[in-house]
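No value in this document is a laboratory result; all are computed from the given coordinates. The shown structure was predicted, so the numbers you read here are calculated from the model rather than taken from an experiment. Backbone-built Cβ (ideal geometry, glycine too); neighbour counts: all protein chains shown.
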Amino acid sequence: MKVNRYPRHHHMPLYETTPSHYLVSIAIATGLAIGLTALLVHFVYPHNAFDVNRISLGVIVQGALNTLARMVLAFILSVAVAVPLALFIGSTPRIQTIFLPIADILQSVPVLAFFPVVAVFFVANNAFELAAVFVICVSMVWNIVFPVIGGLQTIPDDIKSAAFVFRVRGWRRFWFITLPSLFPFLVTGSLLAWAQGWTIVIVAEVLHAYIPKGNPSQDLLGLGSLLVDSNAQVKNGVFLASLTAMILVVTLMNFAVWQPLLRLSQRFRFD
Amino acid sequence: MLAHVSKSYVTPPNYVVRDFSLSIADREFFCLIGASGCGKSTVIKLMAGLQAPSTGTVVRPERIGMVFQSFALLPWLTVERNVAFAVRMQGFDRDKVRATTERHLRMVHLEDFAERYPRELSGGQRQRVGIARALAIEPEVLLMDEPFSALDPVMTDELHADVLRIWEHTKTTVVMVSHHFEEAVTLADRIGVMKDGTLAEIVDVKLPRPRREGDPAFTSTVRKLRGFLEGSHAAPTVGPQPE
């Protein structure tokens with residue numbers, strides 16, 4: 001007897017959502033939540049001063065969470081900027097010819113070169129957190145832009161033709177075809193962006209180094225500032241603890257986030 | 001229907017398709033053959049609306065299905081979702097999407113592969129998904145752009161039989177592009193021979209199905225087509241044009 005493979009209660013998963021849609025939705029929701037919280041915190045508490053001579057494990061954990069929150073917010077913002085920018089630059093060969101060299105030059109400018117100017121501006125407006133988030137974001141953006149532009153070139157012509165023939169056009173084409181096609185490149189670019197971000201966050205949180213007549217009380221509590229300030233004051237215990245915390249966070253992220261995403265992204269690659 | 005269609009990609013014009021006119025009858029299996037670079041893929045893209053003609057008019061039905069040489073399946077969707085996705089995009093309701101997807105997967109004998117991903121399938125199976133997807137949207141015309149070129153001969157023969165079986169069941173109008181004479185004679189009711197961007201000849205194939213390559217009538221038809229393409233046939237025979 002042939003079993004009906006499609007009983008009435010069978011929820012046939014239709015086209016509406018794919019893993020990339022869930023990921024994007026979760027990422028945006030998380031980013032918004034974290035961002036709003038961070039903004040609220042930094043307006044209520046303009047900066048989170050700390051004394052490197054009195055650091056407990058709890059402070060290091062707090063610092064790790066603060067750094068992670070800044071990185072996540074910066075990442076969300078960088079994706080929000082990088083993806084539309086990449087889609088624009090990669091949209092036609094003519095636009096690519098004009099804007100790709102410009103993007104190439106811009107990404108070569110070291111972000112820390114203009115960070116002092118940025119820092120002064122944000123600090124003057126009482127936006128300490130935003131100063132750090134901004135510079136981390138700028139450092140991340142280009143690592144996403146160029147892989148996404150490359151990813152646009154890999155969408156096969158037959159896929160674009162099939163999308164047209166089957167009436168997957170306009171925003172539907174972007175949502176159901178383009179975005180999933182770009183997912184592997186977004187993952188690769190994000191990995192590179194976070195690697196760059198970890199490098200920059202170490203200096204981005206040490207605001208006093210970029211403010212005229214600045215002092216360490218203006219630094220943002222985070223793994224970066226703990227590393228720099230503890231090293232400056234020869235607090236080796238704090239330094240080692242902060243370094244260990246950073247390594248732990250990076251390693252955990254690798255296992256919990258990047259490896260699963262890299263495995264998932266294989267499904268989205270065209271043969 | 002294409003009326004006096006020409007297509008050039010460059011300015012000044014260098015036409016890859018020149019003054020091409022063709023009418024396809026309802027429920028007909030029409031095959032367009034020609035050498036590489038003769039413009040037959042451009043013609044099928046014009047039919048699908050993927051390109052606009054430089055001159056002339058193309059009258060196409062509202063719903064067109066298409067099967068691609070490279071299969072054009074979405075790798076992140078299962079077999080079932082690849083078909084259902086296309087059907088849902090036509091605006092059908094959920095129940096119809098479910099029923100249509102199920103029916104067409106059965107038609108191509110892939111109901112047990114519904115949860116597989118395209119990379120887990122053979123080339124022939126992927127093309128079956130492509131065929132199921134194209135037919136599931138209930139097209140008025142099915143376009144096939146060299147659908148078997150990427151497959152080995154054994155798989156191609158299997159799919160020829162499947163396509164004929166499905167066509168005889170659904171009676172969808174089919175326009176297929178090929179560069180294999182034998183394939184065209186196996187499948188088509190009428191064969192158009194393209195040469196240098198124009199339609200050189202149209203041949204009626206009145207052989208009963210199933211057609212066998214060893215049959216004298218089959219061989220003779222192939223020889224006639226080859227002659228048209230090479231320009232060595234003295235007295236071409238053209239089948240009756242449909243209304």
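Things worth noting here:
- Taking the Cα centre of the range A:57-268 as reference, the dipole from Cβ charges on Lys and Arg (+1) and Asp and Glu (-1) amounts to some 680 debye.
- Candidate membrane-span-like segments in chain A, meaning DSSP H helices with Cα atoms spread over at least 15 Å of their own axis and a Kyte-Doolittle mean of 0.5 or above, are A:19-44, A:57-89, A:93-108, A:111-124, A:128-153, A:179-204, A:236-253, with no membrane implied.
- A:Arg167 paired with B:Arg119, simple spin-label distance in nm, labels 7 Å along Cα-to-beta-carbon: 3.2 nm
- For B:Lys224, the aspartates and glutamates whose Cα comes closer than 19 Å to its Cα, not counting residues fewer than 8 places off in the same chain, are B:Glu182, B:Glu183, B:Asp189, B:Asp196, B:Glu201, B:Asp204, B:Glu213, B:Asp215.
- A:Ala195-A:Leu57 pseudo-label distance in nm [points 7 Å out on the Cα-to-Cβ vector]: 3.3 nm
- Restricting the range A:149-196 to trypsin sites (Lys or Arg not before Pro) in coil, as DSSP defines it, with at most 14 other Cβ within 10 Å: A:Arg169
- Using distinct alpha-carbon pairs, which all enter the 1/r mean, Kirkwood radius of chain B in Å: 18.6 Å
- Here r is the Cβ-Cβ distance between B:Ala200 and B:Arg60 and R0 is 35 Å; the resulting FRET efficiency, rounded to 0.05, is 0.90.
- Separation in nanometres of the label points that stand 7 Å from Cα toward Cβ, at A:Arg269 and B:Arg94: 3.5 nm
- Fewest-first sequence of B:Glu28, B:Glu168 by Cβ atoms within 10 Å of each Cβ: B:Glu168, B:Glu28
- P(r) weight above 39 Å for the protein assembly as shown, C-alpha pairs, percent: 43 percent
- Other residues within the sphere of radius under 13 Å centred on the Cβ of B:Asp189, judged by their own Cβ, net out at +2 (K and R +1, D and E -1).
- Dimensions of the range B:75-139 along the principal axes, based on C-alpha atoms and rounded to the nearest Å, stand at 30, 22, 19, largest first.
- For the range A:57-268, the mean projected area of the C-alpha convex hull, equal to one quarter of the hull surface, is 13.5 nm².
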